Amino acid sequence: MTVLAVDVANVVGSRPDGWWRDRAGAAGRLLDRLAALPGAVLPGPDGGPLTCTGVLAVVEGAARGVPAPEGIELVRAPAGGDDALVAAVGGLAAPALVVTADRGLRARLPAGSAVTGPGWLLAELDRRDGMTAGGGG
């Protein structure tokens with residue numbers, strides 16, 4: 001049972017799909033996709049099953065005003081998103097899997113925090129989107 005703690009800006013910025021033209025819109029689209037994950041059993045980054053009990057997503061800057069989809073715990077960082085994510089993960093009662101490629105952020109997380117890169121999350125979201133589009137999920 002794991003909470004996904006997502007560095008939204010880092011995940012959005014990992015794909016050069018034009019996100020920079022509408023940062024808030026890109027963050028909102030990612031949050032909408034993340035809303036399908038709580039309660040799902042996912043193939044974890046290590047290949048084993050991962051039960052997603054919740055999603056905590058940190059937004060910052062232009063994305064602070066995006067609406068929070070149902071089922072997402074949205075943290076609106078008043079300043080740096082990294083500071084907000086470190087604090088949020090430190091306050092969780094459940095184990096977390098932090099999704100970020102930011103090495104500086106990774107080094108600041110509480111000891112023992114599990115971390116994976118945006119590629120794992122985006123591949124899982126793409127797989128789930130394909131299942132939905134194909135009628136398989």
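Structure values in brief
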{"item": "Neighbours by Cβ (under 6 Å, 6+ apart or cross-chain): first from segment 60-79, assigned to a loop (DSSP other than H, G, I, E, B); second surrounded by 14 or more Cβ atoms within 10 Å (Cβ to Cβ) and acidic (Asp, Glu)", "result": "77/60"}
{"item": "Filter result for residue 75 (over 19 Å from residue 127 (Cα atoms), within 15 Å of the chain's Cα centre (by Cα) and crowded, with 18+ Cβ neighbours inside 10 Å)", "result": "yes"}
{"item": "Condition met for residue 107 (surrounded by 11 or more Cβ atoms within 10 Å (Cβ to Cβ), over 17 Å from residue 3 (Cβ atoms) and either modelled with pLDDT of 90 or more or touching a Phe, Trp or Tyr at 6+ places or on another chain (Cβ under 8 Å) (or both))", "result": "no"}
{"item": "Any chance residue 24 is part of a helix (DSSP H, G or I), among the aliphatic types (A, V, I, L, M) and in contact with a helix residue (DSSP H, G or I) (Cβ under 6 Å, 6 or more places away or on another chain)", "result": "yes"}
{"item": "Residue match in segment 35-58 (condition: out of contact with any Phe, Trp or Tyr (no Cβ under 9 Å at 6 or more places or on another chain), within 19 Å of residue 19 (Cα to Cα) and assigned to a loop (DSSP other than H, G, I, E, B))", "result": "no"}
{"item": "Matching residues in segment 84-103 - criterion: being surrounded by fewer than 19 Cβ atoms within 10 Å (Cβ to Cβ) and touching a helix residue (DSSP H, G or I) at 6+ places or on another chain (Cβ under 7 Å)", "result": "101"}
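The values are calculated or read from the model by the stated rules, or taken from the named source; none is laboratory data. Note that the structure is a prediction, hence the values are computed from the model and not measured. Every residue, glycine as well, gets a Cβ built from its backbone with ideal geometry; the counts of neighbours run over all protein chains shown.
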